[in-house]
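J.: My questions will all concern the structure given below.
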Amino acid sequence: MNSSTHGNTQIVLKRHPEGAVSPDDFELVATGMPEIADGQVLIRNLYLSMDAGFRHWMTEGAGDNYLPGMQLGDPVQSMVLGQVVKSRHSDYVEGAYLSARCAWECFSVLDGSDLAAVIEPEPGVPLHEYMSLLGPTGMTAYFGLMQLGRPAAQETLLVSAAGGAVGTAVGQLGKIHGCRTVGLTGTEAKAEWLRQEVGYDVAISREADPDLAAALSRDVPDGIDVFFDNVGGATLDTALGQLSERARIVLCGAMSQYEQERPEPVFNTWELITKRARMEGFMFSDYADQFGAAAATLAGYYRSGALVSFNQVYAGIESAPQAFCDMMHGASRGKCLVDLSEA
Ligand SMILES: NC(=O)c1ccc[n+]([C@@H]2O[C@H](COP(=O)([O-])OP(=O)(O)OC[C@H]3O[C@@H](n4cnc5c(N)ncnc54)[C@H](OP(=O)(O)O)[C@@H]3O)[C@@H](O)[C@H]2O)c1
């Protein structure tokens, strides 16, 4: 599907997903090119970020202190990276690259809110990295791990959804800080990739080790020092049962819960007391005023080769529903992106 300059193309929410999200929950629609008013810019989107967390706000009646629930017929929200094609906003010049929380669409109107940030690509760094390791994904991994996880050398860092966008970055950052890293994932093929390519010391798959408690007793006999949790539910509960003293649990996401009708209970909270552990949630946007410094640190690791970016890129806006479902259900590796730059 080409985006012409005469019209816009969007993927809208056709029905609220129930249980596992499906490409049939979305619909591609052609709309008019949006007009901009004073204080606004029009961007042509080049990359769409497939963000697991947005699944939560697709559910009927969703909506909370952070974001309202998505409405039927609305373009699906995501982080996007685009280039300004028209500007009536003094902060954004034509040709500038911007990232923002926007939608699955070829053109978007921004007013500087919704996490809008100017991107100044460094020579030699592919633009899509600013939607991946050097963008919101990298920020999530970096601030969650460094501010809440506070890893120290020789500590054991456990990461759930270790083969995903955030998880691949957290595991590598843990290695940079001298940790022994243990990743959790779905399949044995992905676990092997985590060991061989991503650099996890140990990878445990649900396929080979359906009993996570037994696998952790085997592979983390001295207890978990830092748990970076992207999954929640029973995985979190099991990990809480195997903490070392003064452990830190970083609540980043709850993949296992987004498609459940009811949240699963977590029982092992007594362990937080006896182990003097600390469990804390965060949103990457909490650290927006420090993004520049973090991006510079991550870019340094990236340039030196200490931090590798793993991306799975789909082409064309029509591929966004499938890309999102693949990412949600473990069929993608690393950061899942949709490339609109050829449209
Ligand atoms: N707090 C924040 O500011 C923030 C920002 C960004 C993302 N997040 C959160 O970080 C987490 C990861 O996001 P991401 O965008 O990087 O996604 P991702 O990890 O690239 O993709 C999600 C992965 O979760 C795993 N998964 C799916 N269902 C699962 C289940 N029932 N049990 C265990 N694992 C399951 C799948 O991998 P495998 O099954 O193959 O392992 C899937 O590929 C999400 O929970 C997201 O909401 C938080």
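The values are calculated or read from the model by the stated rules, or taken from the named source; none is laboratory data. Just so you know, these numbers come straight off a predicted model, no measurement behind them. In this analysis, Cβ positions are derived from the backbone assuming ideal geometry, glycine residues included, and neighbour counts consider all displayed protein chains. What goes into the accessible areas is simple: the full protein's heavy atoms, side chains included, and nothing from ligands, DNA or RNA. Shrake-Rupley method; radii C 1.70, N 1.55, O 1.52, S 1.80 Å.
J.: Restricting to Cα pairs below 8 Å that are 6+ residues apart, what does the relative contact order work out to for the stretch 29-180? Please round to a whole percent.
T.: 20
J.: Could you report the stretch 91-181's accessible area per residue, 1.4 Å probe, as an integer in Å²?
T.: Value for the stretch 91-181: 32 Å² per residue.
J.: Write out the GluC sites (Glu not before Pro) in the stretch 245-301 meeting two conditions: DSSP loop, and at most 12 other Cβ atoms within 10 Å of their Cβ.
T.: Sites meeting the loop and neighbour criteria: Glu261.
J.: Let me ask another. At Glu60 and Asp219, where each label point lies 7 Å from the Cα along Cα→Cβ, what is the point-to-point distance in nanometres?
T.: Reported label-point gap for Glu60 and Asp219 is 3.9 nm.
J.: DSSP beta bridges in the chain, what fraction antiparallel, as a percent rounded to 5?
T.: Roughly 55 percent of the beta bridges in the chain run antiparallel, per DSSP.
J.: Tell me, what is the percent relative contact order of the chain, built from C-alpha pairs under 8 Å that lie six or more residues apart?
T.: Computed value for the chain: 19 percent relative contact order.
J.: To the nearest 10 degrees, how steep is helix 291-304 against the longest Cα principal axis of the chain, on a 0 to 90 scale?
T.: 70
J.: So with the 1.4 Å probe, I'd like the accessible area per residue for the stretch 243-298, rounded to whole Å².
T.: So the stretch 243-298 comes to 62 Å² accessible per residue, rounded to a whole number.
J.: Moving to a separate point now. Using only alpha-carbon positions, what ratio does the radius of gyration of the stretch 89-216 give when scaled by 2.2 N^0.38 Å?
T.: It is 1.30.
J.: Just to be sure I follow the definition: excluding the sites themselves, where is the longest run in the chain that has none of the chymotrypsin sites (Phe, Trp or Tyr not before Pro) in a DSSP loop with at most 15 other Cβ atoms within 10 Å?
T.: By the stated rule (loop sites, at most 15 other Cβ atoms within 10 Å), 67-266.
J.: Sticking with this structure for a sec: Between Phe282 and Glu261, what FRET efficiency comes out of the Förster formula 1/(1 + (r/R0)^6) with R0 = 25 Å and r the beta carbon distance, rounded to 0.05?
T.: Calculated value: 0.45.
J.: Follow-up question, since we're still on this one. If you roll a 1.4 Å probe over the stretch 272-311 with all protein chains in place, what percent of the accessible area is carbon or sulfur?
T.: 54
J.: How large is ³J(HN,Hα) for each residue in the stretch 217-233, as worked out from phi by the Karplus curve 6.51 cos²θ - 1.76 cosθ + 1.60 (θ = phi - 60°), to whole Hz, x for Gly and Pro?
T.: Each residue's phi maps through the Karplus curve to give 4, 6, 9, 10, x, 8, x, 8, 8, 10, 10, 9, 9, 9, 10, x, x Hz.
J.: Label points 7 Å out from Cα along the Cβ direction at Gln196 and Gln290: separation in nm?
T.: Those two pseudo-labels are separated by 3.7 nm.
J.: Whose amide H sits under 5 Å from the amide H of Thr156, counting only residues 5 or more places off or on another chain, with H placed in the peptide plane?
T.: Amide H neighbours of Thr156: Arg180, Asp225, Val226.
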